[in-house]
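The values are calculated or read from the model by the stated rules, or taken from the named source; none is laboratory data. On a predicted model such as this, the values are computed, not experimentally measured, just so you know. So basically every Cβ, Gly included, is an ideal-geometry build from the backbone, and we count neighbours across all protein chains shown.
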Amino acid sequence: MPYVTPEQINRAKQMDLLTYLQQYEPQELVHFSGNVYTTRTHDSLKISNGRWCWWSRGIGGRSALDYFIKVRGMTLPEAVLQIDRHTAIVPPIPAKRREPTKPERLLLPEKDQSNDQVVAYLKGRGIHITLIDYCLQTGRLYESRYRHNAVFVGFDPRGVARYGTLRGTSGNRFMGDVSGSDKHFSFSIPARGKSTKLHLFESAIDLLSYGTLELLSGRDWRREDCLSLAGIYKPKKNMEESTPPAALMQYLKDYPQITEIILHLDNDAPGRLAAETIKVLLPSTYTISDEPPKRGKDYNDYLKITLGIKRLQEIERF
């Protein structure tokens, strides 16, 4: 086995994978989107923000050294010499330092003096007042002043509002994200204690509908973490070319104790495709189960059917 010095090992550890591929194996590097790259050999291996992850195998790392050992199967000395040989012939060109960009400011709508219209709207969709009150008291929900939309707010772990989405409360169907929203921090309700399970939904209203069903069944509706995605997750035609939802990956990063994910996505074709794609892309370290609503298109449909609201609304249309 070849011998390498501690100095060679330390030098090799400093080389990130993107820099290595850009300078020494550019034919292997493929631009995916934005600041995300993949490799020609393994298109499910994504490189971004100084890290890489081989989603189909559930492994990842930071350095080129990690990549050669975990992906190409080299021993540590072989991997160190692979990097050392290249850098000895052509020293790496330092990447230009990018000035950090300021995050776009979240422009939440002004609050109305009351939340009466939002409360009436959500109660009309079957959401229990206990959940509505919790969201109002924690700032996750309020009524906008001028259009009286329901505003659902997402926070980062420090409690800073980073995301907002609007839902119309009048007869006209209206949905949209607030300007400056960061989709990494979508609407969520954390568990009362430390939970290892995360329930995933397409919308805030589906999340609240599931919580209402739990409450009505006599269970603690905050016993496990719940997260909604920032709208419908649309994977690419080739599943392995897709990246998992940003909000989900951020939540798993912020709450590393999560080991089990329960998917509650819609009962339509996009929802079923999204669920299958997420199951393929997430590392095998997570236990993933698929539990769409037993009846109806989504969990709010299921709640309204359970409460008899949906049937009543159908009768009233005639």
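For residue 298, indicate whether it is over 21 Å from residue 243 (Cα atoms), modelled with pLDDT of 90 or more and under 20 Å from the mean Cα position of the chain (by Cα).
Answer is yes for this residue.
If you check 208, 227, 213, which single one turns out to be part of a strand (DSSP E or B), modelled with pLDDT of 95 or more and either out of contact with any Leu (no Cβ under 7 Å at 6 or more places or on another chain) or buried (at least 17 other Cβ atoms within 10 Å of the Cβ) (or both)?
The match here is 227.
How many of the residues in the range 275-296 are closer than 20 Å to residue 205 by Cβ and out of contact with any strand residue (DSSP E or B) (no Cβ under 8 Å at 6 or more places or on another chain)?
4
Can you find a residue in the range 61-75 that is among the β-branched types (Val, Ile, Thr), part of a loop (DSSP other than H, G, I, E, B) and touching a His at 6+ places or on another chain (Cβ under 8 Å)?
Within the range 61-75 (the criterion being among the β-branched types (Val, Ile, Thr), part of a loop (DSSP other than H, G, I, E, B) and touching a His at 6+ places or on another chain (Cβ under 8 Å)), the answer is yes, since at least one residue qualifies.
Condition check ((1) modelled with pLDDT of 85 or more; (2) buried (at least 19 other Cβ atoms within 10 Å of the Cβ); (3) touching a strand residue (DSSP E or B) at 6+ places or on another chain (Cβ under 8 Å)) across all residues:
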residue: 1; (1), (2), (3): no, no, no
residue: 5; (1), (2), (3): yes, no, no
residue: 10; (1), (2), (3): yes, no, no
residue: 21; (1), (2), (3): yes, yes, yes
residue: 25; (1), (2), (3): yes, no, no
residue: 35; (1), (2), (3): no, no, yes
residue: 59; (1), (2), (3): no, no, yes
residue: 70; (1), (2), (3): yes, no, yes
residue: 82; (1), (2), (3): yes, no, no
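Taking interchain pairs and intrachain pairs at least six residues apart, which have beta carbon atoms under 8 angstrom, with the first residue in the range 235-263 and modelled with pLDDT of 85 or more and the second of a type in the set (Val, Ile, Thr) and assigned to a strand (DSSP E or B)?
Sorted first by the residue in the range 235-263, then by its partner, the pairs are 248/261; 259/287; 260/287; 260/288; 261/287; 261/288; 262/288; 263/288.
Does any residue in the range 179-208 that is at positive phi come within less than 9 Å, Cβ to Cβ, of a residue that is of a type in the set (A, V, I, L, M) and modelled with pLDDT under 95 six or more places away or on a different chain, and which pairs are these?
180/106; 180/107; 180/108
Considering each residue of the range 120-149, count those that are within 20 Å of residue 181 (Cβ to Cβ), in contact (Cβ under 8 Å) with a residue 40 or more places away in the chain and surrounded by fewer than 18 Cβ atoms within 10 Å (Cβ to Cβ), and give that number.
Final tally of qualifying residues: 0.
Just for the range 98-119: of the residues that are hydrophobic (A, V, I, L, M, F, W, C) and surrounded by 12 or more Cβ atoms within 10 Å (Cβ to Cβ), which one is modelled with the lowest pLDDT?
Restricting to residues being hydrophobic (A, V, I, L, M, F, W, C) and surrounded by 12 or more Cβ atoms within 10 Å (Cβ to Cβ), the top hit is 106.
Is there a residue being within 28 Å of residue 164 (Cα to Cα) and modelled with pLDDT under 80 anywhere in the range 37-57?
Checking the range 37-57: at least one residue is within 28 Å of residue 164 (Cα to Cα) and modelled with pLDDT under 80.
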